[in-house]
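First up is the structure itself, then whatever we jot down about it.
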Amino acid sequence: MFKILVAEDDKLLANAYKVKLAREGYDVLIVGDGDELVANIEKFNPDLIVLDLIMPKTDGFMILDYLKKSEKWKTVPVLVSSNLSQSEDIVRVTKLGADDYIVKSDLSMKVLGDKIKLLLSRKN
């Protein structure tokens, strides 16, 4: 069973992600900010990370930079999920190493599931 770590501070959206992904057979851990992600990543050992950019404490930009500079976590696919939709934000996270990007305001749960399946299939 693949493990997905979701860093999302919007509790309603985080719960929707958890329900959708659990129904698809994934083991899901939700964290509310970047500090919680760092505190839980070692013991959860995710196969994929869904990362919001605008979160309290440590934001997603800093977390993405941390993950992609880490020997242990740099190969774990990161799907950025954010309401930041300006091209410069998308370019910035792509340069930091994000594997894909979805704009939350345009998000359908089917698209989320499809993107995750694709990223995990590339991992194997």
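Run the numbers on the chain and let me know its relative contact order in percent, using alpha-carbon pairs under 8 Å that are six or more apart.
After rounding, I find 23 percent.
Run the reach check for Lys72 against lysines, Cα to Cα strictly under 16 Å, same-chain hits fewer than 8 apart removed. What comes back?
Here the lysines satisfying the reach criterion relative to Lys72 are Lys3, Lys43, Lys123.
Under a Cβ-only charge scheme (Lys and Arg +1, Asp and Glu -1), can you give me the dipole magnitude of the chain about the Cα centre, in debye to the nearest 20?
Around 440 debye, computed over the chain.
Work through the residues other than Val76 whose Cβ is under 11 Å from its Cβ and net out their charges, Lys, Arg +1 and Asp, Glu -1.
Taking every other residue near Val76 into account, the sum is +3.
For Thr58 and Ala22, what is the calculated FRET efficiency with R₀ set at 25 Å and r taken between the beta-carbons, to the nearest 0.05?
Plugging the Cβ-Cβ distance into 1/(1 + (r/R0)^6) gives 0.45.
Please return the longest stretch of the chain lacking exposed loop sites, where trypsin sites (Lys or Arg not before Pro) count only if DSSP places them in a loop and at most 15 other Cβ atoms lie within 10 Å.
1-56
Just to be sure I understand: with springs between alpha-carbon atoms less than 10 Å apart, which residue in Pro77, Pro56, Pro46 has the highest mean-square fluctuation in the Gaussian network model of the chain?
Pro56
All of the numbers you see were taken from the coordinates with simple rules; none came from a lab. Nothing here was measured: the structure is a model prediction, and the numbers come from that model. Methodologically, a virtual Cβ is constructed for each residue, glycine included, from the backbone with ideal geometry; neighbour enumeration extends over all protein chains shown.
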